[in-house]
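**Student:** Just dropping this structure here.
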């Protein structure tokens with residue numbers, strides 16, 4: 001077996017497509033591995049190529065003649081966020097035990113200084129291994145160093161991805177001030193409802209210490225996400241927030257944008273849902289777990305990098321977004337919220353929940369003009385009047401007639 005191991009099967013499948021192209025160019029016949037298996041077998045030979053996800057359970061049970069570990073420094077368990085490289089490599093090496101000429105390659109741009117890839121590279125050339133290193137513009141002469149800097153303005157990311165310099169264990173802001181400022185509207189205040197946009201609301205409830213935040217996001221006709229409204233309710237010392245009062249105010253904000261529901265995390269959701277019913281809005285639980293947190297914040301970063309995130313001119317929103325901390329540890333990447341003056345970057349989770357792709361499945365709403373709304377109300381009153389029973393006197397007797 002020639003095994004290609006990557007964080008996800010779809011990423012590893014790209015390597016398999018490259019292998020197929022090479023075999024086609026060489027005129028080597030092959031056939032699909034079989035139903036439900038991502039791989040190919042060479043015709044007439046006991047050799048095959050398969051792709052595997054980087055998990056301990058997924059890399060056992062075959063005889064390996066070559067193992068290619070793709071972007072091993074960035075392997076990440078989807079549930080825990082931990083880099084499983086040490087355990088995966090320990091499981092895959094025995095597959096080559098009977099093959100004296102078998103080889104394993106750990107290929108990756110560096111990430112931190114606390115992972116299996118870094119540890120192996122630091123050992124340098126030994127009787128067991130050889131190492132190789134090159135910056136992007138050296139490995140690929142079609143690019144220049146200046147071009148790589150233009151493609152990646154963030155210095156820390158550029159050092160890792162292009163200069164191939166791993167970063168020490170550190171805590172950095174996920175979003176840079178440059179990205180936030182670039183997406184910030186020049187004028188203060190909310191964006192009013194706009195015809196044809198889709199709107200989604202999300203909140204991060206709190207009552208005693210942190211602020212209770214509400215964010216309404218809109219998607220324009222070009223699929224760009226905008227934070228159109230951001231509100232917070234801050235408890236006073238020894239005076240917690242009243243959830244019923246806050247939810248009543250949230251209901252008013254939702255109706256402005258034609259909404260009657262908001263997404264929220266699992267915090268006291270059943271109790272809050274009952275209170276929300278009293279003000280005629282619904283709460284949809286969106287569990288905030290290590291996995292969804294990581295996905296939400298990374299999606300937020302991608303939107304900002306692609307200039308597809310619009311933000312309000314609000315210093316608190318900016319401060320909270322800068323408070324999303326990306327921490328590189330030996331076990332992988334973790335996301336934490338900075339606590340500054342008792343505040344826990346409270347807008348950050350609500351913004352991440354609101355702008356997520358999955359939230360924008362609702363049908364687009366059409367914002368009515370005042371004259372259209374007045375016409376609709378007159379029509380509804382007329383229809384209601386027409387469907388009420390009317391009594392008419394005929395020959396001294398009363399009969400019930402329904403007008404349709």
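The values are calculated or read from the model by the stated rules, or taken from the named source; none is laboratory data. These figures come from a predicted structure and were not determined experimentally. Ideal geometry is used to build each Cβ from the backbone, glycine not excepted, and the neighbour counts take in all protein chains shown.
**Student:** Might you let me know whether the stretch 24-47 holds any residue that is farther than 30 Å from residue 334 by Cα, modelled with pLDDT under 90 and crowded, with 17+ Cβ neighbours inside 10 Å?
**Tutor:** Taking every residue of the stretch 24-47 in turn, at least one turns out to be farther than 30 Å from residue 334 by Cα, modelled with pLDDT under 90 and crowded, with 17+ Cβ neighbours inside 10 Å.
**Student:** Turning to a different aspect of this structure: Test residue 194 against the criterion of being assigned to a helix (DSSP H, G or I), under 30 Å from residue 246 (Cα atoms) and either modelled with pLDDT of 90 or more or in contact with a helix residue (DSSP H, G or I) (Cβ under 7 Å, 6 or more places away or on another chain) (or both), and give yes or no.
**Tutor:** In short, no.
**Student:** Okay, next question. Could you check residue 154 against (1) within 21 Å of the chain's Cα centre (by Cα); (2) modelled with pLDDT of 85 or more and say which number it fails?
**Tutor:** Looking at each condition in turn, residue 154 falls short on (2).
**Student:** How many residues, within the stretch 280-294, are surrounded by fewer than 17 Cβ atoms within 10 Å (Cβ to Cβ) and touching a residue at least 12 places away in the same chain (Cβ under 8 Å)?
**Tutor:** 7
**Student:** Can you tell which of 241, 187, 159 is more than 19 Å from residue 339 (Cα to Cα), surrounded by fewer than 13 Cβ atoms within 10 Å (Cβ to Cβ) and more than 20 Å from the chain's Cα centre (by Cα)?
**Tutor:** 187
**Student:** Considering only residues that are in contact with a helix residue (DSSP H, G or I) (Cβ under 7 Å, 6 or more places away or on another chain) and assigned to a helix (DSSP H, G or I), look in the stretch 161-180 and name the one that is modelled with the lowest pLDDT.
**Tutor:** Top of the filtered list is 177.
**Student:** Looking at the stretch 269-340, what strands (runs of 3 or more DSSP E) fall wholly within it and have at least 3 residues that are under 23 Å from residue 359 (Cβ atoms)?
**Tutor:** 282-285
**Student:** Just checking, does the stretch 88-98 include any residue being outside any helix (DSSP H, G or I) and either surrounded by fewer than 14 Cβ atoms within 10 Å (Cβ to Cβ) or not assigned by TED's automatic domain parsing to the domain that holds residue 291 (or both)?
**Tutor:** Yes, because at least one residue in the stretch 88-98 is outside any helix (DSSP H, G or I) and either surrounded by fewer than 14 Cβ atoms within 10 Å (Cβ to Cβ) or not assigned by TED's automatic domain parsing to the domain that holds residue 291 (or both).
**Student:** Hey, could you check the stretch 1-59 for residues that are in contact (Cβ under 8 Å) with a residue 60 or more places away in the chain and not in a strand (DSSP E or B) and say which is nearest to residue 88 (Cα to Cα)?
**Tutor:** Here the residue is 7.
**Student:** A follow-up question, please. Identify all residues within the stretch 54-75 that are at pLDDT below 85 and either within 12 Å of residue 106 (Cα to Cα) or surrounded by fewer than 20 Cβ atoms within 10 Å (Cβ to Cβ) (or both); write none if there are none.
**Tutor:** Matches in the stretch 54-75: 55, 56, 57, 58, 60, 61, 74, 75.
**Student:** List the residue pairs whose Cβ atoms are under 7 Å apart, where the first residue sits in the stretch 328-348 and is closer than 16 Å to residue 290 by Cα and in the same structural domain as residue 232 (by TED's automatic domain parsing), the second is outside any loop (DSSP other than H, G, I, E, B) and at pLDDT below 70, and the two are 6 or more positions apart or on different chains.
**Tutor:** Close Cβ pairs (under 7 Å, with a partner that is outside any loop (DSSP other than H, G, I, E, B) and at pLDDT below 70) amount to 331/82; 332/82.
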